[in-house]
1. How far apart, in nm, are the 7 Å Cα→Cβ label points at Asn53 and Ile100?
2. If you filter region 1-100 for chymotrypsin sites (Phe, Trp or Tyr not before Pro), then keep DSSP loop positions with at most 15 other Cβ within 10 Å, what is left?
3. Using the Cα centre of the chain as origin and beta-carbon charges of +1 (Lys, Arg) and -1 (Asp, Glu), tell me which of Ile65, Thr20, Phe30 is placed farthest towards the positive end of the dipole.
4. Please report the carbon-and-sulfur percent of the accessible area for the chain; probe 1.4 Å, protein heavy atoms only, DNA, RNA and ligands left out.
5. Give, in nm to one decimal, the length gained when the segment between Ile66 and Val42 is fully stretched (0.36 nm per residue of separation minus the Cα-Cα distance).
6. Between exposed trypsin sites (Lys or Arg not before Pro) in the chain, where DSSP calls loop and at most 15 other Cβ atoms lie within 10 Å, what's the longest gap?
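The values are calculated or read from the model by the stated rules, or taken from the named source; none is laboratory data. Quick caveat: nothing in here was measured; it's all calculated off a predicted structure. Cβ atoms come from the backbone with ideal geometry, glycine included; neighbour counts cover every protein chain shown. Heads up: the accessible areas ignore ligands, DNA and RNA and are worked out on the full protein's heavy atoms, side chains in. Shrake-Rupley method; radii C 1.70, N 1.55, O 1.52, S 1.80 Å.
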Amino acid sequence: LLLLCYTEEAAVIVSGLKDTDVFVGESATFTCELSHPGVKNVQWWLDGSPLHNNLVTEISEQDGIIHTLTLNDVACHDSGTVTFRAGSLISSAKLLVKGILLSE
C-alpha cells in the first residue's frame with residue numbers, strides 16, 4: 001500500500017513572479033504557480049507591507065496552485081518589490097510604475 005502525502009516542504013514554485021512595468025492608473029498583475037495545493041500561510045507583500053483583498057488589491061487563487069495578485073489603479077508610490085510567500089517558499093519581483101508625460 002503506497003500513500004502519497006503532500007507536505008508543505010514538498011511544494012515548489014513552478015513559475016515565479018516576473019518584474020512588471022506599468023503606467024500610472026493601470027493595473028499590475030503578478031502570478032506565482034506552485035507544484036501542488038495545500039500550502040499554508042500564503043501572503044502577498046509590497047515593500048515589506050502585507051497586502052489584503054480590497055478595492056485596489058485583488059488577491060485570488062485557482063485550484064490552490066495558481067496565486068494571483070492584481071494591483072488596480074497604481075500610483076508612482078506603488079513602485080517597489082512585490083513578494084509572494086507560501087510557507088517557506090518565497091518569490092519576489094519588481095514593480096515599476098511609470099508616470100505619463102503630457103506634451104503641451
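1. So the label points at Asn53 and Ile100 sit 3.0 nm apart.
2. Tyr6
3. Of the options given, the answer is Ile65.
4. Using a 1.4 Å probe with all protein chains present, the chain comes out at 55 percent carbon and sulfur.
5. 7.5 nm
6. 41-104
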